[in-house]
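J.: The structure under discussion is supplied below as structure tokens; questions concerning it will follow.
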Amino acid sequence: MNLVLEHIELPVRIRMERQMTDDELLEFCLANEPARVERDANGELIVMSPNFSDGGAVEGDVYLELGVWARGDARGKTFGPNAGFTLPDSSVRAPDASWIAW
């Protein structure tokens, strides 16, 4: 896929003729680092700017608190903002912090 985003104000939503495969989505993400890319259930891409220092600090605090809770709870695993999850509706999301029962 030859679509590279430069000099475009983010966030932006991109609707493709057909939904990208997971491999194409990964290629697109790698070609457009450090932008953050998610895919919604309709196959539309949501391209967001990277999380800069203020947002990253809040994100870090949330992940830390979730991790402390999860360690004490011991029933699951925590993931940071770079973990992407394919959901049953085919969307791919990367929440700021997440916990999954293990």
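The values are calculated or read from the model by the stated rules, or taken from the named source; none is laboratory data. It should be emphasised that the depicted structure is a prediction, and the values quoted were computed from it without experimental measurement. With ideal geometry, Cβ positions are generated from the backbone for all residues, glycine too; neighbour counts draw on all protein chains shown.
J.: Can you pull out every residue in region 46-66 that is of a type outside the set (A, V, I, L, M, F, W, C) and at pLDDT 95 or above? First the steps, then the outcome.
T.: Start the filter on region 46-66 by keeping residues that are of a type outside the set (A, V, I, L, M, F, W, C), which leaves 49-51, 53-56, 59-61, 63, 65.
Glu65, the sole residue that qualifies.
J.: Would you say Arg75 is in contact with a strand residue (DSSP E or B) (Cβ under 8 Å, 6 or more places away or on another chain), at pLDDT 90 or above, closer than 15 Å to Val12 by Cα and basic (Lys, Arg)? Working first, answer last.
T.: Details: in contact with a strand residue (DSSP E or B) (Cβ under 8 Å, 6 or more places away or on another chain): yes; at pLDDT 90 or above: yes; closer than 15 Å to Val12 by Cα: no; basic (Lys, Arg): yes.
So Arg75 fails the test.
J.: Just name the residue that is surrounded by the fewest Cβ atoms within 10 Å (Cβ to Cβ) out of those in region 28-57 that are closer than 17 Å to Val92 by Cβ and among the polar types (S, T, N, Q).
T.: So, considering only residues that are closer than 17 Å to Val92 by Cβ and among the polar types (S, T, N, Q), the one surrounded by the fewest Cβ atoms within 10 Å (Cβ to Cβ) is Asn42.
J.: Does Leu25 satisfy the condition of being surrounded by 15 or more Cβ atoms within 10 Å (Cβ to Cβ), of a type outside the set (Asp, Glu) and either modelled with pLDDT under 95 or out of contact with any His (no Cβ under 6 Å at 6 or more places or on another chain) (or both)? First the steps, then the outcome.
T.: Numbers: surrounded by 15 or more Cβ atoms within 10 Å (Cβ to Cβ): yes; of a type outside the set (Asp, Glu): yes; either modelled with pLDDT under 95 or out of contact with any His (no Cβ under 6 Å at 6 or more places or on another chain) (or both): yes.
Yes, satisfied.
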